[in-house]
Amino acid sequence: MVSLWDYWRRARTPAARFDATTGSTSYAIELTRRAPRISLTEQGAASGTLRISLTWRMRANDLMGGKNHRKLNAWRHPLQLFRPAEVVGHTQGMVDVDFDLACLYELNDGSKGVVQALGDLFGEFNAPPYLKLSGDDRFGGGSGEVLYANLDHQEEIKRLLFFVYIYDGTPAFDRADVSVTLDAGNGMHIEVPLPDPPPRARSCAVLLMEHEGGDLVARREVKYVYGFQSEIDRLYGWGMAWGRGSKPSRLRR
């Protein structure tokens, strides 16, 4: 029989994480404040296709008053105190929010731009800017949003800044679990959670990718701003002109 103490101790101990794939070794790395940088070149992940994904879920506690609900149930079911908060999907009717994944790019020939659903700027994979947004997920589904970077042309890329913004609706970074992940062709999996957002933040610069000493390096940023693309531009000195834009009325995949 497992005692309450044993249950608590096991819940507090992080489990080892392994991702199994067929024919290749896969491993996960989380970029944190203490370990914010990784060399894709040293990891053998600086070529081929890099898949950058955005996933998000509204917290059940914030949708349905879950904190109070759990306190009431804890008297009848004390073990629920040691269970992590439930994270569920949502419908558009429950929360009016739309997280989007985008990327500011600068190439070595001096050209600059952005790949994003807003303005129908989905990019190109086999031509500059060597970035392609798969589509626009407006409901936070399991597939999320995905950007593909063609690192076979990484020598033509000066820097890439991946960011997340809320196109419309409630600024709700602080009410959601948001994460950006990178999957390289060699099986390496990099996770960048977006913790501790300030209330009312509308955008977050997540990851900066550029060359350092001949290596292609990815560095965690996770810097929140209260504005949109133009404010992230100013923060990183992209120097682009911005105007109002809109999304296409029909979802693109």
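Observations on the model:
- Difference of contour (0.36 nm per residue) and Cα-Cα distance, Glu155 to Glu42: 39.1 nm
- FRET E, pair Tyr236, Arg175, Förster distance 30 Å, beta-carbon r, rounded to 0.05: 0.70
Taken together, the values in this text are just the output of simple stated rules run on the coordinates, not laboratory data. Being a predicted model, the structure only gives us computed values, none of them experimental. So basically every Cβ, Gly included, is an ideal-geometry build from the backbone, and we count neighbours across all protein chains shown.
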